[in-house]
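*Asks:* Below is one structure. I have some questions about it.
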Amino acid sequence: MPRLLIALCSVLLAAPAALGQQSYPQKPIRYVVPFPAGGIADVFARIIGGRMSESWGQPVVVENRAGAGGNIGADFVAKAPPDGYTILMGSIGTQAVNASLYGTMPYDSAKDFTAVALVIEAESLLALHPSVAAATPAELIALARSQPGKLTCASAGVGTTSHLACELFKSMARADVTHVPYKGNVPAITDLLGGQTSMLFATMPTVLPHVKAGKLKGIAVLGAGRSPPAPEIPALAEALPGFEVNNWVGTFGPAGMPAAITAKLNSEILAVMRTPDVQQRLLTEGARFTPMTPSQFSAFVAAETAKWGKADPRNRHPRGLTP
């Protein structure tokens, strides 16, 4: 009889939690984007959040908490209750790169999050202001070498993928280019459009429309080969063999989030990303979607972290990359 009572009490105590997970969500969800509005993380958080709101009947509120290369927003989610009501649109920077770039981190990217779903992998593009006297990667390299420190390279901030690409370009091209960090891709693109800077490495969805409109010059993509949305633009690897930088964003929750909630979020995000209109958008904007389970995404993030952890230490200082 005592054993039966203990078993019955265990079932009764576990029932509310299990019921809560089955009926999730029961209140609004906060979807934190650790970058300013307008970048790929923000755009796809709003697409996914809007579809989830329609499907689940609960608001999904996108909240931009930018700063410190995304660390501020990511840290907010890392310290939130693991109940599925605060989730993160993390990036290669917040989840894989920053741990190797910053001397101190407010969170442990390997231990403080639950991997939910990879959202997109976005190809990137090297764009120039029209006033820059270069139309090809070779011409840009020659110009940069002939005018040390004169060309300026905008980035979304210290430690971001655009900054890493800029530093990699400087190293492989053996050219002195001045780095100008911003608080996100959007202000960096705005100043490039206005001629305040010379060049920018940015994700294709955010910068390709400006290239097609003739407001910027797209002279190279950053993948291993040419990109289907812009096959006329050469890969930078054609001029600098081995140059390749890719960007990705994905959804995370705090560590310890229940498996049932993680699975439900994963299923819904994958369903949204598979819709025809989203697939068409990815195709035209130079991005791709690879469906992954939470465990597959966790392994993907671990592999990315290990890869960037092997980055050349000469490009780093105790607080990150040299600005």
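The values are calculated or read from the model by the stated rules, or taken from the named source; none is laboratory data. Bear in mind that the values here come from a model prediction, so they are computed numbers and not experimental data. As a convention, Cβ positions derive from the backbone with ideal geometry for all residues, glycine included, and neighbour counts pool all protein chains shown. In case anyone asks, the SASA skips ligands and DNA or RNA and just uses the protein heavy atoms, side chains included. Shrake-Rupley method; radii C 1.70, N 1.55, O 1.52, S 1.80 Å.
*Asks:* Rounded, prolate or oblate: which fits segment 177-278 when a ≥ b ≥ c are the square roots of the eigenvalues of the alpha-carbon gyration tensor, with rounded for a/c under 1.5 and prolate only if a/b beats b/c? Could you put the intermediate results ahead of the total?
*Replies:* Working: a/c = 2.09, a/b = 1.77, b/c = 1.18.
Taking the square roots of the gyration eigenvalues as a ≥ b ≥ c, segment 177-278 is prolate.
*Asks:* Taking 0.36 nm per residue of sequence separation and subtracting the Cα-Cα distance, how much length would be gained by fully extending the chain between Q296 and I72, in nm to one decimal?
*Replies:* That works out to 78.0 nm of additional length.
*Asks:* Just to verify a number: FRET efficiency for T104 and R145, C-beta to C-beta distance, R0 = 45 Å, to 0.05?
*Replies:* Computed FRET efficiency for T104 and R145: 0.80.
*Asks:* Right, here's the next one. Determine the percent antiparallel among the DSSP beta bridges restricted to the chain, to the nearest 5.
*Replies:* Details: 26 of 41 bridges.
For the chain, the DSSP antiparallel bridge percentage is about 65.
*Asks:* When we measure straight from the Cα of K264, which lysines land under 21 angstrom away, once same-chain ones fewer than 8 places off are left out?
*Replies:* Qualifying lysines at Cα under 21 Å: K27.
*Asks:* Moving on to the next point. With springs only between Cα atoms under 10 Å apart, run a GNM on the chain and tell me which of S23, S109, S146 wobbles the most.
*Replies:* Checking each option, the largest mean-square fluctuation is seen for S23.
*Asks:* Let me ask you something else. At 222 nm, what helix-only mean residue ellipticity would the chain give, in deg cm²/dmol to the nearest 500, using -39500 (n - 2.57) for each DSSP H run of four or more?
*Replies:* Working: 11 runs with 132 residues, N = 323.
The helix contribution divided over the chain gives -12500 deg cm²/dmol.
*Asks:* If you don't mind, there's one more thing I want to ask. Are any of the pairs K79/K307; K183/K217; K79/K170 more than 28 Å apart by Cα-Cα distance, and if so, which?
*Replies:* K79/K170
*Asks:* Continuing with this model, one more query. Using +1 at the C-beta of Lys and Arg and -1 at the C-beta of Asp and Glu, which of C153, V245, A260 has the Cα lying farthest in the positive direction of the dipole of segment 123-277?
*Replies:* Of the listed residues, the answer is C153.
*Asks:* Follow-up question, since we're still on this one. How large is the accessible surface per residue of segment 113-236, computed with a 1.4 Å probe and reported in Å² as a whole number?
*Replies:* That works out to 34 Å² for each residue.
*Asks:* Run the dipole for segment 52-112 about the Cα centre, Lys and Arg Cβ at +1, Asp and Glu Cβ at -1, nothing else charged, and hand back the magnitude in debye, nearest 20.
*Replies:* 140
*Asks:* To the nearest 20 debye, what is the magnitude of the charge dipole of segment 224-291 about its Cα centre, counting +1 on the Cβ of each Lys and Arg and -1 on the Cβ of each Asp and Glu?
*Replies:* My answer is approximately 240 debye.
*Asks:* Using a cut-off of 14 Å between beta-carbons, work out the net charge of the residues near S267 (Lys and Arg +1, Asp and Glu -1, S267 not included).
*Replies:* Value of the local net charge: +2.
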